[in-house]
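These notes concern the structure reproduced below.
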Amino acid sequence: MIISQFRNYTPINILFLSLVGFVLCLGIFLHLPDKLDSVIFEPALGNLLGENNLINLSPATNVFITLILTIFQATILNRITSHFNLLGKPSFLVALMYMTLASLFLPFLVLSPTLICNFISIWMLSKLLSLYRQTDVKAEMFDLGMIVGIGSLIYFPFLSMFFLLWISLLIFRPFNWREWITPLLGLATVYFILAVIYLWVGKMELFYTIWLPFTYKFPTAIRIQLLDYLVLVPVLFTLILFLLILKDNFFKSIVHIRKSFQLLFFMLCLAVASFYWNKKLTEAHFLLCAPPIAIYMAYYFTYAKKKWFFEIIYAIIAFTIIYFQFF
């Protein structure tokens, strides 16, 4: 069975992961639109690139590249989780869960700014989890501020992850005002360099339009089909099961693991809340939620004891995804 197989930490699971990923996006491969153009950067870099910001690939190529990138993200996230021993046992469950979540909605299956930003999210997560064991993190926090700045150039709502840097300091570190200032300097450095580039190319008036999301009125337009919510039902049920298991194991875990799960919670909250800075909200935005949710779901499937039950749960999740792609 699938969960039992991915509970094993073996390289052959990369092949099985690729197979699962292909099956989960089979619906879009069989119902490809005639044309599928993707905008990769918005709006800061998009203003500079102009028409070059539009990726003109065949629909099949677009979806295939997205699948490959998602597999890479899944394996990287799985490696980070295993390195920090977040699940207590090495496995490929995080990769499987990430691959599954990245197939929930059709907009997840094409190239998008959020797909690119998830590479940055995973990179950030690796750096944040390592703060606990370091004596001096000022340089690390400066780098993280720049990383958030770069991510926001690709997808502006990613700027909300800046608050995750301060939250991580609250969770992992004693208060040191220098560590709180350095992320601001890193973020400011990115936008200062960007402003110089805009001034250099004579587009300074466009630089100010980057900040328009701060003027959006709440709520913004939401483009989500009502039936799409049905795909989330088995995922939400799995998260409830995760909470029940976490309740029993939380205080048995070492301090770093407990703090890491708190960090993931705030990462998820910020990813959801940042929809406010997206004027035309689509499902693609919520791909930012995939890394923390994948770890939470993998934790449940790691410690669930009734094989027949957890295998059925995952089968329902996979079947629901495939069903709504075809219908």
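Each peptide in 88-98, 196-206 gets a packing score, the mean of other Cβ atoms within 10 Å over its residues, and the list from highest to lowest is 88-98, 196-206.
Scalar couplings 3J(HN,Hα) for the range 136-146, obtained by applying the Karplus form with A = 6.51, B = -1.76, C = 1.60 to θ = phi - 60°, are 10, 10, 4, 5, 5, 5, 4, 4, 5, x, 5 Hz; x denotes Gly and Pro. The residues packed around V137, meaning those with a beta-carbon under 14 Å from its beta-carbon, carry a net charge of +1 if Lys and Arg are +1 and Asp and Glu are -1. Net charge of the neighbourhood of S82, taken over other residues with C-beta under 14 Å away and scored Lys/Arg +1, Asp/Glu -1, is +3.
Ellipticity at 222 nm from helices only: DSSP H runs of n ≥ 4 in the chain, each -39500 (n - 2.57), divided by the residue count, give -20500 deg cm²/dmol.
For the range 131-181, the alpha carbon positions stretch 32, 18, 17 Å along the principal axes, listed from largest to smallest.
Of the residues L206, S112, I147, the one whose Cα sits farthest toward the positive end of the charge dipole of the chain, with +1 on the Cβ of Lys and Arg and -1 on the Cβ of Asp and Glu, is I147.
Listed values [x] 63, 55, 38; [y] 81, 44, 36; [z] 68, 52, 33 include one computed from this model; for Cα extents along the principal axes in Å that value carries the label [x].
Set the Förster distance to 56 Å, then compute FRET efficiency between Y323 and F251 from the Cβ-Cβ distance, nearest 0.05.
On the way: r = 39 Å, r/R0 = 0.70.
Rounded to the nearest 0.05, the efficiency is 0.90.
What separates the Cα centres of the range 150-187 and the range 226-275 is a distance of 22 Å. Between Q134 and Y9, the simple label model (points 7 Å from Cα in the Cβ direction) yields a spacing of 2.4 nm. Each residue of the range 121-130 was assigned a 3J(HN,Hα) from its phi angle through the Karplus expression (A = 6.51, B = -1.76, C = 1.60, θ = phi - 60°), giving 4, 5, 4, 4, 4, 4, 5, 5, 5, 8 Hz with x at Gly and Pro. In the range 3-151 the Cα-Cα distances spread across 10 Å bins starting at 0 as 10, 33, 32, 20, 5, 0 percent of all pairs. Our summary gives the chain a relative contact order of 26 percent, counting only alpha carbon pairs under 8 angstrom and 6 or more residues apart. Evaluating 6.51 cos²θ - 1.76 cosθ + 1.60 at θ = phi - 60° for every residue in the range 156-168, the Karplus couplings come out as 4, x, 5, 4, 4, 5, 4, 5, 5, 5, 5, 5, 5 Hz, glycine and proline recorded as x. If the chain linking A195 and L244 were pulled fully straight, counting 0.36 nm for each residue of separation and taking away their Cα-Cα distance, it would gain 12.8 nm.
The stretch between T209 and A188 holds 5.9 nm of extra length on full extension. This uses 0.36 nm per residue minus the Cα-Cα distance.
Annotation: peptides 282-295, 69-82, 9-22, ranked by per-residue average of other Cβ atoms within 10 Å with the highest first, follow the order 282-295, 69-82, 9-22.
Rule-based calculations on the coordinates, nothing more; no lab input. Note that the structure is a prediction, hence the values are computed from the model and not measured. Positions of Cβ are backbone-derived with ideal geometry, glycine not excepted, and every protein chain shown enters the neighbour counts.
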